[in-house]
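The values are calculated or read from the model by the stated rules, or taken from the named source; none is laboratory data. Every value quoted in this text rests on a predicted model; they were computed, and no experiment measured them. Methodologically, a virtual Cβ is constructed for each residue, glycine included, from the backbone with ideal geometry; neighbour enumeration extends over all protein chains shown. Note: accessible area is taken over every heavy atom of the protein model, side chains too, but ligands, DNA and RNA are not part of it. Shrake-Rupley method; radii C 1.70, N 1.55, O 1.52, S 1.80 Å.
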Amino acid sequence: MTDPVNPFPRRHFASDNYAGICPAGWHALEQANTGHARPYGEDPWTERACDAIRELFETDCEVFFVFNGTAANALALATLGESYHSVICHRTAHIETDECGAPEFFSNGTKLLLADGEQGRIDPDSVTEIVTRRHDIHYPKPRVLSLTQATELGTVYDRERLEALGERARRHDLRLHMDGARFANAVAALDVAPREITWEIGVDVLCLGGTKNGLSVGEAVVFFEPALATDFAYRCKQAGQLASKMRLISAPWIGLLEAGVWLANARRANACTARLAEGLASVPGVVLQHTPEANAVFVTMPEALADGLRTRGWRFYDFIGGAYRFMCAWDTEDADIDALVTDFREIAATLA
């Protein structure tokens, strides 16, 4: 029987969104939930969280907090172009596949142009092909290049790839947007300073993910080019993204950032993913689509095996290209992985 208090007593692998708020974020939220404070971001917790993000990236930047990643991406992209412009993104990018047209809606019609590239990463030559395809007034003028870090397929852009794409963006006069819903996992995978894969290679605005890194709600929109943030607060207000009790969104970021918990959470999720991939690689009938680089494993397997796993209570997603996706989160434990792999093996044995 399902427990009405905790319907998912075991940890699952469908999404890192299944996990709750991490202890450091919860503690910071409790501290902010004492007494009264000025609303709409004019409180000391929000100021402190913004300063923590500036310190993280080692630069002055403008920071705004919104409720979720779709709002962060859509509002950021709307700021970078006009309605007659277009945004170049990978065909598997979240802004294309999973945001219900929000980028187009909030930009009053900006068109998404889909680029190619293996394993979710944009090929620089695909950017050039799209930009130079047409120059007439009937074509939505390319204005923004959007990168997802880590990608929807669980891969990451290393510094070399980012530099090449940053160069293409500058060559074609494109602004550079980064969807960083799992940016922490990319930093952990690459073992680099955050500045090295953002503003140093030309990123203008980063949508920094907190929810998938151990927070309950809230993403940060980080403008490395402050002039681009002019009037962004008005966009947030108009879109219903200005929280009156902003400190309850911003304060958990303090717990996440100030003691390095954000990176520890990401490293844990990545390490668990590597362990899971190693376990699944030895299961008959299971094929890894590629070596995982962040916190996602993509596999193909017989439908009967997938059905058997679901019958045993496991939750995971059917995903792009016919693969199955298994995500690890900040709270995934080795025992969770071992239990899943054991069920994989037992069910696969019955199908042999």
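Here region 167-281 has an Rg and Dmax of 16.3, 50 Å, counting Cα atoms alone. Each peptide in 178-191, 36-49 receives the mean, over its residues, of other Cβ atoms within 10 Å, and ordering these scores from highest gives 178-191, 36-49. Each DSSP beta bridge with both residues in the chain is either parallel or antiparallel, and the antiparallel ones are about 50%. The alpha carbon radius of gyration of the chain, expressed as a multiple of 2.2 N^0.38 Å, is 1.01. A 1.4 Å probe over all protein chains sorts 139, 18 by accessible area into 18, 139, starting with the largest.
In a fully extended conformation the segment linking residue 170 and residue 125 would gain 14.8 nm over its present Cα-Cα distance, using 0.36 nm per residue.
A helix-only calculation puts the chain at -12000 deg cm²/dmol for mean residue ellipticity at 222 nm, using -39500 (n - 2.57) for each DSSP H run of at least four residues, averaged over all residues. Look at where the Cα atoms of region 138-190 and of region 59-87 average out, and the two centres are 14 Å apart.
Across region 207-326, the mean sequence separation of Cα contacts (distance under 8 Å, 6 or more residues apart), normalised by length, yields a relative contact order of 15 percent. Probing with 1.4 Å while keeping every protein chain in the model, the per residue accessible area of region 41-152 equals 44 Å². Element breakdown for the chain at a 1.4 angstrom probe: carbon and sulfur atoms account for 49% of the accessible area. Listed peptides 267-273, 71-77 appear in the order 71-77, 267-273 once ranked by packing, highest mean of other Cβ atoms within 10 Å at the front. Take the Cβ atoms of residue 59 and residue 97, set R0 to 30 Å, and the FRET efficiency comes out at 0.45. Packing-based ranking of 279-286, 324-331, 160-167 yields 324-331, 160-167, 279-286, ordered from highest to lowest mean Cβ neighbour count within 10 Å. The relative contact order of the chain, computed from alpha carbon pairs under 8 Å that lie at least 6 residues apart in sequence, is 24 percent. For region 160-293, the solvent-accessible area of protein heavy atoms averages 39 Å² per residue (probe radius 1.4 Å; ligands and nucleic acids excluded). Shape analysis of region 242-301 yields a ratio of the Cα radius of gyration to the Kirkwood radius, Rg/Rh, of 1.25. The convex hull defined by the C-alpha atoms of region 45-93 has an orientation-averaged projected area of 4.9 nm². The simple spin-label model puts a point 7 Å past each Cα toward its Cβ; for residue 278 and residue 38 those points are separated by 5.2 nm.
Net length available on complete extension from residue 84 to residue 315 is 79.0 nm, with 0.36 nm assigned per residue and the Cα-Cα distance removed.
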